[in-house]
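For reference, the structure is listed below as structure tokens.
The values are calculated or read from the model by the stated rules, or taken from the named source; none is laboratory data. Note that this is a predicted model, so its numbers are computed, not measured. Heads up, the Cβs are rebuilt from the backbone with ideal geometry, glycines too, and the neighbour counts pull from every protein chain shown.
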């Protein structure tokens with residue numbers, strides 16, 4: 001029979017999963033038929049699962065994804081030009097491990113934000129750090145950070161994360177500070193971390209949005225070269241028949 005000091009010691013050691021599994025085994029009449037090795041394997045498996053889930057939840061909180069979008073919920077039947085094969089390959093996260101770029105473009109309402117958050121959610125599940133930011137909010141935060149002394153910390157967060165998702169680029173032309181911020185972020189991440197950008201504008205119009213030809217050339221050279229491109233088209237997903245089972249929120 002288990003004694004409470006054993007459970008207390010497991011909890012004190014931070015082994016809450018093993019403690020819970022031990023209680024479950026005690027109440028399971030078939031557990032008496034298990035060998036010592038099988039007991040240990042069950043305890044370790046529960047602990048590992050609990051720690052993995054806790055770690056994933058921590059990554060999701062840090063990511064601050066705009067939508068609760070699961071990769072498995074992406075709807076490929078919506079007529080919007082989404083290449084299923086390409087998107088499934090992106091779900092393997094090899095592009096993140098290779099420090100590549102994904103560009104998702106298309107009109108408002110075809111699901112760009114949902115798709116980006118689905119890839120972000122999959123990355124979090126696979127033990128990859130993620131940060132999601134809308135472009136306007138990111139630039140505002142960096143502008144304020146210049147005045148309160150937190151710019152270096154904010155910049156490090158954006159450049160050190162394994163996957164940075166930047167949503168809704170354009171259509172307003174960037175200010176000089178915004179151009180410099182974007183250049184520094186892109187330069188710092190180039191070849192060392194993965195970046196995903198969404199925009200209503202086609203890529204060939206990004207040069208005008210950035211504004212300064214020299215900086216625009218430098219930024220786009222680092223983003224576009226060898227990037228995986230998803231070019232969506234069509235009407236807003238909300239206009240399609242309900243039988244397509246569009247996940248809630250897939251309209252960004």
Give 163, 158, 119, 174 a once-over and let me know the one that is more than 19 Å from the chain's Cα centre (by Cα), touching a residue at least 24 places away in the same chain (Cβ under 8 Å) and either buried (at least 17 other Cβ atoms within 10 Å of the Cβ) or farther than 24 Å from residue 98 by Cβ (or both). 174
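Collect the residues in the range 31-80 that are over 24 Å from residue 122 (Cβ atoms) and loosely packed, with under 12 Cβ neighbours inside 10 Å, keeping them in residue-number order.
Listed by number, the residues that qualify are 32, 33, 35, 36, 37.
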Which residue out of 187, 172 is modelled with pLDDT under 95 and in the same structural domain as residue 76 (by TED's automatic domain parsing)? 172
Would you confirm, using the coordinates I've provided, whether residue 54 is on the phi > 0 side of the Ramachandran plot and at pLDDT 80 or above? no
Restricting to the range 10-22, give me the number of residues that are in a helix (DSSP H, G or I) and surrounded by 12 or more Cβ atoms within 10 Å (Cβ to Cβ). 9
Quick test of your reading of the structure: residue 141 fulfils all but one of (1) exposed (fewer than 14 other Cβ atoms within 10 Å of the Cβ); (2) under 27 Å from residue 171 (Cβ atoms); (3) free of Cβ contacts under 8 Å to residues at least 24 places away in the same chain. Name the failing condition by number. (1)
Which count do you get for residues in the range 212-252 that are in a loop (DSSP other than H, G, I, E, B) and modelled with pLDDT of 95 or more? 2
Odd one out for residue 180, checked against (1) on the phi < 0 side of the Ramachandran plot; (2) surrounded by fewer than 22 Cβ atoms within 10 Å (Cβ to Cβ); (3) in contact with a strand residue (DSSP E or B) (Cβ under 9 Å, 6 or more places away or on another chain): (3)
Test result for residue 196, in a loop (DSSP other than H, G, I, E, B), assigned by TED's automatic domain parsing to the domain that holds residue 81 and in contact (Cβ under 8 Å) with a residue 12 or more places away in the chain: no
